[in-house]
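Let me begin by presenting the structure, written as structure tokens, before commenting on it.
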Amino acid sequence: MALGETRNGIMRTKSVEQSIADTDEPDTKLRKDLTTWDLIVFGVAVVIGAGIFTLAASTAGDVAGPSVSLAFVLAAIACALAALCYAEFASTVPVAGSAYTFSYATFGEFVAWIIGWDLVLEFAVAAAVVGKGWSVYLETVFNQFGLDVPTTVSIGGLDFDWGVVLLITVLTTLLVLGTKLSSRFSMVITAIKVGIVLFVIILGAFFINVANYTPFIPPPAPAESDAGGMTQSLLSLFGGEANSTFGVYGLLAAASLVFFAFIGFDVVATTAEETRNPQRSLPRGILGSLAIVTVLYVAVALVLTGMVPYTDLATQPDGTRATLATAFATVGVDWAATIIAVGALAGLTTVVMVLLLGQIRVGFAMARDGLLPKWLAHTGAHGTPYRVSVIIGVAVGIVAAFFPIGALEEMVNIGTLFAFVLVSLGVVVLRRTRPDLPRGFRTPLVPLVPILSVLACLWLMLNLSVETWLRFVIWMVIGIAIYFSYGRSHSVLGQRASR
């Protein structure tokens with residue numbers, strides 16, 4: 001039996017030793033350039049973005065009211081539980097691929113493929129969604145400086161977003177040229193956006209009116225007509241509630257929505273193979289970046305809802321959504337809108353870059369295992385998988401340029417939460433099956449913490465809409481079809497076992 005083969009068929013697992021051994025293949029070897037600080041920068045870079053500049057305001061106005069700050073806390077707790085599990089796995093299996101690689105070592109090849117396919121929702125689709133937001137802010141920045149330069153133009157009857165194409169092209173080039181260079185770029189841009197976030201918190205604190213915090217959890221709003229109840233959360237459907245707007249159900253729905261703002265901290269785990277001291281640096285990078293952004297998010301939410309009544313942050317009839325700039329304009333500080341727009345532009349730049357990095361590393365790991373075409377895993381002179389980088393960059397650019405993808409935000413959430421569930425369960429499984437493995441970080445109170453992580457993630461998933469669940473099921477069915485038509489027969493692990 002080949003090294004790493006523990007079961008036959010689709011449940012065959014790839015041992016940790018085999019995963020680590022595969023990282024030394026000359027044709028697919030990644031360069032180890034990253035330090036603890038680089039990982040923290042990547043984590044903060046990818047998390048601070050759309051959530052802090054746009055999502056907090058619109059969620060407060062439409063779903064949760066002032067309790068949006070509590071929604072951030074609930075989402076952060078779920079992330080922290082999952083982060084503890086990611087930290088153990090990443091320090092034990094320092095191999096590119098994150099949840100995909102971890103699942104291969106614990107649940108087997110089929111589940112690994114499922115989670116790899118699922119991660120497309122977290123990384124590639126999220127990169128497209130956030131990239132569209134970047135393009136909108138680019139147009140806003142142009143307008144702030146008196147320039148009327150639309151970033152979306154009509155070509156042959158199709159809307160073409162040249163702004164997002166420009167962004168994806170530049171960022172893909174940086175990622176091809178080297179992960180260390182990408183980290184340095186992220187460090188500069190991240191410093192700018194964190195500075196602007198602190199500016200927003202300090203300036204906004206002078207305009208807080210404590211009366212705006214009452215009621216902290218607004219009473220449930222009357223339900224709007226909804227054919228078939230497709231847009232209500234699964235939990236409210238089961239609970240017999242009409243909708244998920246304000247009230248306790250609104251707070252829970254808000255936690256599921258603002259969870260989008262935390263997405264990406266697990267990208268740090270995808271860089272495990274490129275980290276100089278993964279056993280020490282990965283846990284610090286994952287947990288450190290999550291702690292920093294949680295404090296900033298809660299502070300911004302408290303300032304935002306203290307500045308203006310939550311009703312002033314509701315989405316307008318024409319579909320215009322409130323942002324941080326809306327709150328400052330309401331209190332007469334219009335000039336802050338320019339600073340916020342520049343901060344959002346900087347913030348979203350690094351978010352898209354690190355999401356692309358995560359998708360590229362997952363694709364690279366799957367290609368090295370043969371579940372995707374193996375030639376995609378080739379690394380070039382810069383020590384990066386340039387082939388899969390270019391293909392993913394082109395694919396994300398096309399989707400973002402031509403398709404209206406705002407409705408897919410919840411798809412990103414459900415995909416990420418599903419990955420968190422499997423990683424959390426995987427910690428328990430690997431503790432039982434391989435207690436001998438050296439672990440640079442050990443999740444405390446196992447199995448309690450992993451079980452709490454699973455329950456928290458499932459709870460947030462139940463607060464996503466019915467239509468999101470249906471789309472997720474369809475996406476998974478497509479992924480299963482691809483595995484059985486290609487991945488199963490081309491699996492490197494399967495080919496080793498058949499020799």
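Each value in this text was obtained by applying a stated rule to the coordinates, not by laboratory testing. In this text the structure is predicted, and so the values were computed from the model without any measurement. Heads up, the Cβs are rebuilt from the backbone with ideal geometry, glycines too, and the neighbour counts pull from every protein chain shown.
Once both axes come from the Cα atoms, what is the angle between helix 126-144 and the longest principal axis of the chain, in degrees from 0 to 90, rounded to 10?
40
Set the Förster distance to 51 Å, then compute FRET efficiency between residue 221 and residue 381 from the Cβ-Cβ distance, nearest 0.05. Can you show the working numbers first?
Values: r = 58 Å, r/R0 = 1.14.
Efficiency for this residue pair is about 0.30.
Amide H neighbours of residue 160 under 5 Å, at least 5 residues apart or on other chains, H built in the peptide plane: list them.
Distant-sequence amide H within range of residue 160: 153, 154, 155.
From largest to smallest, what semi-axes in whole angstrom does the stretch 362-457 give when each is the square root of 5 times an eigenvalue of its alpha carbon gyration tensor? All intermediate terms of the calculation are to be shown ahead of the outcome.
Working: eigenvalues 208, 103, 20 Å².
Semi-axes (√(5λ), whole Å): 32, 23, 10.
Given contacts defined as C-alpha pairs under 8 Å and at least six residues apart, what's the relative contact order of the chain, whole-number percent?
Values: 921 pairs, mean separation 169.7, N = 499.
So the answer I get is 34 percent.
Nearest 10 degrees is fine. How inclined is helix 36-47 to the longest principal axis of the chain, computing both from alpha carbons?
50
Suppose each label sits 7 Å from its Cα in the direction of the beta carbon; what would the residue 470-residue 498 distance come out to in nanometres?
3.9
In terms of modelled amide H atoms, which long-range or inter-chain residues lie less than 5 Å from the amide H of residue 96?
Amide H to amide H, under 5 Å and 5 or more residues apart or across chains, residue 96 pairs with 273.
Work out from phi, with θ = phi - 60° and the Karplus expression 6.51 cos²θ - 1.76 cosθ + 1.60, the ³J(HN,Hα) of each residue of the stretch 389-401, listed in order in whole Hz, and give x for Gly and Pro.
Residue by residue, the stretch 389-401 yields 4, 5, 5, 5, x, 5, 5, 5, x, 5, 4, 5, 6 Hz.
In nm, to one decimal, how far is the modelled label at residue 490 from the one at residue 390, with both set 7 Å along Cα→Cβ?
Between residue 490 and residue 390, the label points sit 1.8 nm apart.
Quickly estimate the mean residue ellipticity at 222 nm for the chain, helices only: each DSSP H run with n ≥ 4 gives -39500 (n - 2.57), and the total goes over all residues, rounded to 500. Walk me through the numbers on the way to the answer.
Details: 20 runs with 303 residues, N = 499.
Rounded to the nearest 500, the figure is -20000 deg cm²/dmol.
Can you tell me the dipole magnitude for the stretch 9-493 around its Cα centre, using point charges on the Cβ only (Lys, Arg +1; Asp, Glu -1), in Debye to the nearest 20? Don't jump to the answer; show the numbers that get you there.
Details: 24 positive and 30 negative charges, 311 e Å.
Roughly 1500 debye, rounded to the nearest 20.
Would you tally the net charge around residue 43, using a Cβ to Cβ cut-off of less than 15 Å, leaving residue 43 out, and scoring K and R as +1, D and E as -1? Before the final figure, lay out the partial values.
Numbers: positive: 193, 284, 361; negative: 38, 122, 266, 274.
Taking every Cβ under 15 Å from that of residue 43, the sum is -1.
Using Cα centres only, tell me the gap between the stretch 75-102 and the stretch 451-480 in whole Å.
What the calculation gives is 19 Å, centre to centre.
Could you give each residue of the stretch 296-311 its phi-based ³J(HN,Hα) in whole Hz, using Karplus coefficients 6.51, -1.76, 1.60 with θ = phi - 60°, and x for Gly or Pro?
5, 5, 5, 4, 5, 4, 5, 5, 4, 6, x, 6, 9, x, 4, 5
How many lysine pairs in the chain, separated by 8 or more positions in sequence or lying on different chains, have Cα atoms less than 28 Å apart?
Taking the Cα cut-off of 28 Å, the pair count is 12.
Between residue 437 and residue 162, what is 0.36 nm times their sequence separation minus the Cα-Cα distance? Round to one decimal in nm. Could the numbers behind the result be given before it?
Numbers: separation 275, 0.36 × 275 = 99.00 nm, distance 4.90 nm.
So the extension gain works out to 94.1 nm.
Note the angle between two axes, namely the Cα long axis of helix 68-92 and the longest principal axis of the Cα atoms of the chain, as a number of degrees from 0 to 90, rounded to the nearest 10.
Taking Cα atoms only, the helix is inclined about 10 degrees.
Once both labels are modelled 7 Å past Cα along the beta-carbon direction, what's the residue 316-residue 31 spacing in nm?
Going from the residue 316 label point to the residue 31 one covers 4.8 nm.
Under the classification rounded if a/c is under 1.5, otherwise prolate if a/b is larger than b/c and oblate if not, where does the stretch 242-394 fall, given a ≥ b ≥ c as square roots of the Cα gyration tensor eigenvalues?
Values: a/c = 2.18, a/b = 2.14, b/c = 1.02.
The shape class here is prolate.
Relative contact order for the stretch 379-469: what percent, with Cα pairs under 8 Å and sequence separation of 6 or more? Walk me through the intermediate numbers first.
Numbers: 35 pairs, mean separation 32.3, N = 91.
In percent, rounded to a whole number, it is 36.
So what are the ³J(HN,Hα) numbers for the stretch 157-166, from phi and the Karplus equation (6.51, -1.76, 1.60; θ = phi - 60°), rounded to whole Hz, Gly and Pro as x?
x, 10, 7, 10, 9, 6, x, 5, 5, 4
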